Amino acid sequence: MAAQLSRRDIGYTIISRFEEALRGFIAEGLEILFDHYEKGIPTGVMSKARERASNNNWDSPADFLEDVDFPDLKEIICYDKAYTVYFPYSHIYSHNSLPMQEFCDRMDTLYILRCKIAHTALSIAMEYSEILKSFT
């Protein structure tokens, strides 16, 4: 008998995979863009990671990113005008562009949905639809 997946499971899987890919994208960007990846991290994000980590001597940006929260990923990408470096064509108007404010709005929406899915079982059908809209 095949296991039945709930909408909550599907929604959580979609967001988790997106988060994992985004963390990898940011880690690679920090390695490429900065001689010391810490230069690409907002002070507040670095402070929170140091408070959270048992060891704040990270070997790589990927290790560091394991100690930051989902909303911090947005902060890193948008830090000190880095958004246009991570997404160089974002300022060109086309149907494929994603202006920084829209990126921020979508990340905020995903975070709200992520919290709801991970911590409650409210309105799963509506949340699933919202997740799909965030990726289209």
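List, largest first, the extents of the alpha carbons of the stretch 17-80 along their principal axes, each in whole Å.
Taking the Cα atoms of the stretch 17-80, the three principal extents are 27, 24, 21 Å.
If the reach is capped at under 17 angstrom between alpha carbons, list the aspartates and glutamates near residue 48, excluding any in the same chain fewer than eight residues apart.
Once the sequence-local aspartates and glutamates are set aside, what remains near residue 48 is 38, 63, 66, 67, 69, 72, 75.
Only the coordinates and a few stated rules stand behind these numbers; no lab work does. As the structure is a prediction and not an experimental result, all values here were calculated from the model.
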